[in-house]
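Input: a single structure, listed below in structure tokens.
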Ligand SMILES: [Mg+2]
């Protein structure tokens, strides 16, 4: 019986801002392009106080596509770990979604965390900004919360927040 409760955060577009490149919004490829959203720190602090384990679950296909270096990714991780209490960061470097791969919407990264950290998914949430995040949460049977940002205004979901500080109101009913 697994008893720990967890919040899984997507990274790009949830914790940090996307980067405008070639007319679209994309993940940062360098540490200098990485910029936190203002609402993540208070949100994570609240969750830690309420005994949630905190994870980042992020697709980083630019690593396998050789468009981003591990060195830059490591610099970003150092900045994240300095600012936020994160229990573990999970990355998928897969360039494509595949049956046995980890790229979201595969639930692989969530399932790996569940076994390692003894997580009860019924008490846990996935906070994301994309259709792949929503489908990943659904594939793992974890409740999904959509965070609405300037780049994804068109997306809707029953549990939707305009700021990460509003997720308190959703999860407080489960505490
Ligand atoms: Mg995202």
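Nothing in this text is a laboratory measurement; each read-out follows from the coordinates by a stated rule. All values reported here derive from a predicted model rather than from experimental measurement. A quick note on method: Cβ atoms are made from the backbone with ideal geometry, for glycine too, and the neighbour counts reach across all protein chains shown.
Per-structure values
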read-out: Rounded to 10°, Cα long-axis angle of helix 70-83 versus longest principal axis of the chain; value: 40 degrees
read-out: Helix axis angle, 40-49 relative to the chain longest principal axis, alpha carbon, degrees; value: 30 degrees
read-out: Sequence of 57, 161, 97 once ranked by neighbouring C-beta atoms within 10 Å, starting from the fewest; value: 97, 161, 57
read-out: Two-site FRET efficiency, residue 21 against residue 50, from Cβ-Cβ distance with R₀ of 30 Å, rounded to 0.05; value: 0.25
read-out: Euclidean distance between Cα centres, the range 106-175 to the range 78-96, Å; value: 16 Å
read-out: Global form of the range 95-175, assessed from the alpha-carbon gyration tensor, a/c cut-off 1.5; value: oblate
read-out: Fully extended contour minus Cα-Cα distance, from residue 150 to residue 32, at 0.36 nm per residue; value: 40.4 nm
read-out: Where labels lie 7 Å past Cα in the beta-carbon direction, separation of residue 79 and residue 111 in nm; value: 3.4 nm
read-out: Gyration tensor (alpha-carbon) shape descriptor, the range 48-121, a/c threshold 1.5; value: oblate
read-out: The chain, relative contact order [Cα under 8 Å, separation at least 6], %; value: 25 percent
read-out: Cα-based shape type of the range 6-174, given that a ≥ b ≥ c are square roots of the gyration tensor eigenvalues and the cut on a/c is 1.5; value: rounded
read-out: Beta bridge orientation in the chain: antiparallel %, DSSP, nearest 5; value: 15 percent
